[in-house]
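The values are calculated or read from the model by the stated rules, or taken from the named source; none is laboratory data. Keep in mind the model is a prediction, meaning the values are calculated, not measured. A quick note on method: Cβ atoms are made from the backbone with ideal geometry, for glycine too, and the neighbour counts reach across all protein chains shown.
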Amino acid sequence: MANVYLTGAGPGDIELMTVKALRVVQNADVIIYDRLANSDILKEAKDGVELIFVGKEKGNHRVPQDEINEIIYQCSLKYENVVRLKGGDPFVFGRGGEEALYLRQRGVEFEIIPGVTSAISVPAYAGIPITHRGITPSFRVVTGHRKSSDNIAQINWKSFIEDETIVFLMGLHNIELIVTNLLKVGKDKNYPCAIISNGTTKNQKVITGTLENIVEKSKEAVSPAIIIVGEVVNLRDELKWFDKEENI
């Protein structure tokens with residue numbers, strides 16, 4: 001029976017990949033990888049490994065999720081060591097749960113190897129702690145990747161507490177809808193925000209602003225990006241360590 005590993009690659013910086021993830025990559029007979037996994041990780045694979053790219057980006061899902069599920073399954077019938085390599089963590093908006101269920105329903109055993117999620121690591125590299133005593137007692141991670149304004153409206157915006165840090169993943173193309181809904185439920189227009197593109201990599205770029213101006217500033221941002229809304233953004237001036245601020 002194959003060893004199938006649904007593996008988190010971490011947020012971008014290859015050194016944030018876990019020791020266990022690196023070990024299974026080095027032993028893999030096939031690696032099924034996505035767009036957000038650092039391509040340098042593949043250099044750690046052994047000679048002769050089969051590499052299968054199944055990356056997705058907005059407007060271009062070259063391999064639909066149903067097909068990805070089947071590719072993983074078919075590889076489990078052919079290879080001894082199968083690695084499904086996903087950016088961040090497989091279970092944080094990574095659809096790893098769907099892939100695991102697909103395998104379980106077909107009698108294929110698997111192992112989940114968690115990865116460092118961008119929701120906490122990318123803000124850290126930008127000098128933004130998502131929790132901080134005296135500022136915020138909690139944080140929430142929300143998918144910003146919704147296909148329509150109707151789906152964005154399904155988010156329970158009123159449930160966001162005033163001093164909570166909100167991290168939106170994959171939401172750059174919906175930032176106007178996100179801001180509009182936050183203002184509708186009473187967030188102040190001067191509430192601090194940040195957009196971090198290519199987090200934890202040499203191309204990291206941080207744009208800070210407020211709910212009033214972040215949509216306009218977002219035109220200078222690129223994907224992949226995360227959006228942070230909260231008073232903790234104001235700590236960046238003192239805590240930034242990895243990059244220079246792009247305060248446009």
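Output the residues belonging to region 23-39 that are under 20 Å from TYR125 (Cβ atoms) and either of a type in the set (Gly, Ala, Ser) or at pLDDT 95 or above (or both).
Once the filter is applied, which keeps residues that are under 20 Å from TYR125 (Cβ atoms) and either of a type in the set (Gly, Ala, Ser) or at pLDDT 95 or above (or both), region 23-39 yields ALA37, SER39.
When region 190-237 is examined, which residues are found to be in contact with a helix residue (DSSP H, G or I) (Cβ under 6 Å, 6 or more places away or on another chain), part of a helix (DSSP H, G or I) and either farther than 17 Å from LEU169 by Cα or of a type outside the set (Val, Ile, Thr) (or both)?
Selection gives SER218 alone.
Does region 168-183 contain at least one residue that is part of a loop (DSSP other than H, G, I, E, B) and modelled with pLDDT of 95 or more?
no
Residues to consider are ILE178, ILE214, ILE227; find the one that is within 17 Å of GLY88 (Cβ to Cβ) and among the aliphatic types (A, V, I, L, M).
ILE227
All but one of (1) closer than 22 Å to CYS193 by Cα; (2) within 11 Å of the chain's Cα centre (by Cα); (3) aromatic (Phe, Trp, Tyr); (4) at pLDDT 95 or above hold for TYR125; which doesn't?
Of (1) closer than 22 Å to CYS193 by Cα; (2) within 11 Å of the chain's Cα centre (by Cα); (3) aromatic (Phe, Trp, Tyr); (4) at pLDDT 95 or above, only one is false for TYR125: (2).
Need a quick list: strands (runs of 3 or more DSSP E) entirely within region 28-113 having at least 3 residues that are closer than 30 Å to LYS202 by Cα.
By residue number, 30-33, 50-53, 81-86.
Among the residues of region 58-67, are any small (Gly, Ala, Ser), without any contact (Cβ under 8 Å) to a residue 60 or more places away in the chain, surrounded by fewer than 20 Cβ atoms within 10 Å (Cβ to Cβ) and out of contact with any Phe, Trp or Tyr (no Cβ under 9 Å at 6 or more places or on another chain)?
Yes, region 58-67 has at least one match.
Please specify each residue of region 221-242 satisfying the condition of being over 14 Å from TYR191 (Cα atoms) and touching a strand residue (DSSP E or B) at 6+ places or on another chain (Cβ under 6 Å).
ALA221, VAL222, ALA225, ILE226
Determine whether SER197 is at pLDDT 95 or above, small (Gly, Ala, Ser) and in contact with a Pro (Cβ under 6 Å, 6 or more places away or on another chain).
Criteria not met by SER197.
If PHE93 passes every condition in (1) at pLDDT 95 or above; (2) touching a Leu at 6+ places or on another chain (Cβ under 7 Å) but one, which one does it miss?
(1)
Please find, within region 140-163, the residue that is modelled with the highest pLDDT out of those that are closer than 12 Å to LEU177 by Cα and in a helix (DSSP H, G or I).
The selected residue is TRP157.
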